[in-house]
Amino acid sequence: MRTLFLLLFLFLFIDAQSQEIEVDLSYKYMFASNWDKAIQSYNFSRPFLPEKQPLFIHGINASASYIFKSENKFKQGINASYSHFSSYAENVNFVNQLNLHFLNVGYILRYESTEKLKGLTTDFILSASSSALFRNVNDEPFIYDEARSKAFGIGGDLSVKTSYSFNLKNSIRLSPFIQIGYTPYLYSPNTEAVINETTGLTTPDFTGVFTSQIGVKVRFCDVSLD
């Protein structure tokens with residue numbers, strides 16, 4: 001999260017005459033089949049635990065974008081986003097929590113309608129995606145192979161984001177949006193070890209990740225829709 005705020009701070013000082021600076025917050029749904037299999041294997045191998053470990057499904061996302069000045073319908077920009085997912089299971093004398101973080105940095109190609117659907121924008125976002133997974137047991141970092149249990153991942157993500165803007169005042173707009181994204185190959189070789197304390201028994205060292213989001217963004221623009 002601190003990295004995202006740093007990037008936003010830099011965006012604010014790149015160019016005082018920038019076309020747009022945006023920040024947004026959203027609910028994020030995720031489906032990662034191989035990570036789901038690892039958690040399901042964890043639950044299957046521990047039938048004595050009544051509270052099962054939830055899958056990574058529901059999370060939150062925050063992002064910041066900088067759109068370069070252009071008179072064309074197609075504009076370009078840069079984007080940084082942070083996502084967090086948690087899987088928490090509380091049993092007697094045993095609390096297991098998985099914290100999954102994503103940081104994406106990417107390029108935006110934006111189409112902005114100037115005709116009947118004025119205010120409608122569609123962003124195509126190509127990002128480098130990184131992930132970090134940590135495990136805590138009874139509120140303490142879990143130790144595996146004499147080190148803190150952790151897994152890092154890297155991949156590429158393509159997403160499409162559609163929003164509709166409403167003017168608030170001057171150059172500030174409020175924009176509800178929906179977004180879908182897909183990472184076909186996220187390489188994270190230690191994920192199974194973090195989740196299930198095994199290696200290569202239940203899942204490969206990669207996964208595909210499908211995401212969808214719904215949220216709202218605030219746009220700071222130097223031109224109005226009028």
Can you work out which of the residues in the range 41-61 that are among the aromatic types (Phe, Trp, Tyr) and surrounded by 15 or more Cβ atoms within 10 Å (Cβ to Cβ) is nearest to the chain's Cα centre (by Cα)?
Phe56
Please give the number of the condition Ala64 fails out of (1) open to solvent by 50 Å² or more (accessible area, probe 1.4 Å); (2) in a strand (DSSP E or B).
(1)
Using the structure shown, decide if Ile143 is without any contact (Cβ under 8 Å) to a residue 24 or more places away in the chain and hydrophobic (A, V, I, L, M, F, W, C).
yes
Restricting the range 73-86 to residues that are of a type in the set (Gly, Ala, Ser) and more than 10 Å from Gly59 (Cβ to Cβ), the residue that is modelled with the lowest pLDDT
Gly77
How many residues are open to solvent by less than 50 Å² (accessible area, probe 1.4 Å) and not in a strand (DSSP E or B) when one looks only at the range 67-108?
1
Which condition breaks for Lys116 when tested against (1) of a type in the set (D, E, K, R); (2) in a strand (DSSP E or B); (3) loosely packed, with under 14 Cβ neighbours inside 10 Å?
(2)
Considering only the range 26-40, how many residues are among the charged types (D, E, K, R) and open to solvent by 50 Å² or more (accessible area, probe 1.4 Å)?
1
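The values are calculated or read from the model by the stated rules, or taken from the named source; none is laboratory data. Model, not experiment: these values are computed from the prediction. For neighbour counting, all protein chains shown are included, and Cβ atoms are generated from backbone atoms with ideal geometry for every residue, glycine included. Note: accessible area is taken over every heavy atom of the protein model, side chains too, but ligands, DNA and RNA are not part of it. Shrake-Rupley method; radii C 1.70, N 1.55, O 1.52, S 1.80 Å.
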